[in-house]
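Report on one structure; see the data block that follows.
Coordinate-derived values only; no laboratory data. For clarity, every value in this text was computed on a predicted model and none was experimentally measured. A quick note on method: Cβ atoms are made from the backbone with ideal geometry, for glycine too, and the neighbour counts reach across all protein chains shown.
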């Protein structure tokens, strides 16, 4: 009797464990995929934890993608890149371009109940430009001398000099308007955001989820349609994808190129395809030999099959010619000056007397899988024209300080995030301080002039001239702009990807 | 009893010294790596003056000794500083995530013991027998398969195919089953070998032969005589394994999207969020030290020989 009991001990241990696990596993197996949630709760997978929910304290895309649903900006941008009213009903600028006037809507309230007044906008601008706080986005608003409330619903921006990019800054994520009383209290917006947006903040469980709920007093009659909006933080693209198929996720922000067809072909899911705001480049360090020679840079341009790189590494897109995202209205409509032509590339390299034995290194941030894949394609294409090429993987922070900060590289692969205004791309691009170390006085002059030009068609002309010079001088090989794919459940309607800002607009989204 | 007190005191003092050394090493190491949190916060397209301003606000431009002294001073009172990227208190962030990681580590520990003990004892009792051979293959595989890969296999089988378990998160007990298995299986492979070796060694001792000579049944010999003595070395090993589990949790948390310390640290490493990396390393060193302290004390209690030699 006793012997038998003793004999069983180890086996009972093991058995109990197995039974316990199976029991836990089987318990609500049926409920999986449709865990208790609202019929109008949208669950969106995002690929990482935002740094903060404070619109002024970061430059991280994940933050702006999340807070777009919580805060509003004075003006918005539509799918054609044109500005539209938002918190501001209308706006105007005086003849010298020195005073901008914004007239606010009078029916807007913040999530904590306070009505929106001009003084909120003033307090917000003072906060973001506070030199002591050193917010990363302080420079975006340009030479603002003063922001004043002309009356309860009129805000005036007084500028030191004309600054056309102001509108773009006000329409971007960092233009979010915060309530003055909470600013004065030193409220932690990073932890508990309070805005005027379509959803109010409920809870943020770090690395797990951010829960938002419909704001009943939102300024638009018919929006938002959803009751609740939940961001799930999931780094693994394959887990996102399976979650979408299983129905535990309604939208996912990462679909790898080789999974696109699975999402398209599955009857329960669909793919939202928007041209992103990225300018994908193979950047060239023009301060290093032999890349100071424009013939060598043109040879690189000729050596690269851009469509191939876009298709294989970035999941498809449109090829570019200059330092701007292809879909934008400022992108010049000019043919590729140095199209794919390996023989011409070889000829130019020979003409420039390039030592083909010397190894060129492509430095790539290893955390961006697509850029790493692109680097491998670039490597193969450059070797095709006779160059010897190595790839060096570095992590993001090292890339930022060594490559982007200190220009310690030959070639590198990156995508430059879009900005609403070309000035954000071109300021400093050609004065030798950018990581390409490229200098061109004409481009610098044109950029300065365009920044001070408020008339839009005049600006466009100036930028076209600048973009043309850049295209011909090739400080970077401009591969183009990729598609941004969002995987959706079939029953999700009215989802809008704001391609220019690279954020999501869930105001008219609903679950059928 | 006085023996235990002196053991505790001596080992605690050693733990403090270990932690101080670890703190210094970590401080130096995270600064030897290139990369700059201010550049991460500023992002692409920020002018260099802005990056310098952010560096000044974060204090990463201060002399190293100043940063070191300030940080050690904070450590003494349990203040790990603030995250450079989010501006939040590192202690609060760790405090909200540690329970999740510890739950995972303990669950994995239970899994590994539940497998290793019966399998190791059965293998060691009859070396070369069927169970021993199965156990051998099992430990080979368990050691060879990394826990993150095991995690992916489990996820594919039980979450994607069978849909028995959720794909991500940590909201219920069910969320912890697969990660605990993934981590526990890898550890149990090592433990099985140790238990087996220990039992085999005890089985060869004269007292076992004596017990057999007295006519005790084989199972009684194994369980009542050999097992107790073979558990001694296991205690130390098991405690250290608990430390390894915390390390393994970093990757497994990533696979199963569990909001624990591991994912927090991984992101912090990429972002060069130095206070977070430092704090995590210190907490890790603390867990390790405490685990081995507990192991020493347990060994001291259970082993009369150690007590005599003290």
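With contributions of -39500 (n - 2.57) from each DSSP H run of at least four residues, the per-residue ellipticity at 222 nm computed over the protein assembly as shown stands at -15000 deg cm²/dmol.
Given R₀ = 45 Å, what would the calculated FRET efficiency be for residue B:209 paired with residue B:25, taking r from the Cβ atoms and rounding to 0.05?
On the way: r = 50 Å, r/R0 = 1.10.
For residue B:209 and residue B:25, the calculated efficiency is 0.35.
The base-10 log of I(q)/I(0) for the range B:2-76, evaluated at q = 0.12, 0.27 Å⁻¹, reads -0.51, -1.20 [Debye formula, identical scatterers on Cα atoms, solvent excluded]. In chain B, the longest principal axis of the Cα atoms and the axis of helix B:173-203 are about 40 degrees apart. Note on the range B:157-269: Cα convex hull, mean projected area over all directions, 9.5 nm². Both radii were evaluated on the Cα set of the range A:391-498; the Rg over Rh quotient, with Rh as the Kirkwood radius, amounts to 1.06. In this simple spin-label approximation, residue B:92 and residue B:302 carry label points 7 Å from Cα along the Cα→Cβ vector, and these lie 4.2 nm apart. As a calculated quantity, the FRET efficiency between residue A:329 and residue B:33 at R0 = 45 Å, using C-beta atoms, amounts to about 0.55. On C-alpha positions alone, give me the angle between the axis of helix B:130-144 and the longest principal axis of chain B, in degrees, nearest 10. It works out to around 10 degrees.
Rg(Cα) of the range A:95-235 divided by 2.2 N^0.38 Å? List each step's numbers first, then the result.
On the way: Rg = 16.5 Å, N = 141, 2.2 N^0.38 = 14.4 Å.
Scaled against compact globular proteins, the figure is 1.14.
Computed from the C-beta positions of residue A:161 and residue A:107 and an R0 of 41 Å, the FRET efficiency is 0.75 to the nearest 0.05. As a proxy for reagent exposure, A:258, A:318, A:371 were ordered by neighbouring Cβ count within 10 angstrom, fewest first; the result is A:258, A:318, A:371. Note on the range B:91-309: Cα-only Rg and Dmax are 19.9, 67 Å.
Over all directions, average the projected area of the Cα convex hull of the range A:37-108 and note it in nm². The partial results should precede the final answer.
Details: hull surface 32.0 nm².
It is 8.0 nm².
Residues A:206, A:68 in ascending order of nearby Cβ atoms (within 10 Å, fewest first): A:206, A:68.
The ranking of B:152, A:67 from fewest to most other beta carbons within 10 Å of each one's beta carbon is B:152, A:67. Working note: Debye formula, equal point scatterers on the alpha-carbon atoms of chain A, no solvent; log10 I(q)/I(0) at q = 0.08, 0.11, 0.12, 0.14 Å⁻¹ is -0.58, -1.01, -1.16, -1.43. Annotation for the range B:17-96 versus the range B:258-301: alpha-carbon center distance of 17 Å. Against chain B, whose longest principal axis is taken from its Cα atoms, helix B:227-255 shows a tilt of about 30°.
Computed over the range A:152-239, the convex hull of the alpha-carbon atoms projects to a mean area of 9.4 nm². Here the Gaussian network model covers chain B, with springs between Cα atoms less than 10 Å apart; of B:214, B:263, B:62, B:214 fluctuates the most.
Model label points for residue B:294 and residue B:137, set 7 angstrom from Cα along the Cα-to-Cβ axis, are 3.5 nm apart. Centre-to-centre separation between the Cα atoms of the range A:65-134 and those of the range A:269-312: 36 Å. Projecting label points 7 angstrom from Cα along Cα→Cβ for residue A:441 and residue A:392 puts them 3.4 nm apart.
Could you give the length gained by full extension between residue A:133 and residue A:455, i.e. 0.36 nm per residue of separation minus their alpha carbon distance, to one decimal place?
Values: separation 322, 0.36 × 322 = 115.92 nm, distance 3.36 nm.
That works out to 112.6 nm of additional length.
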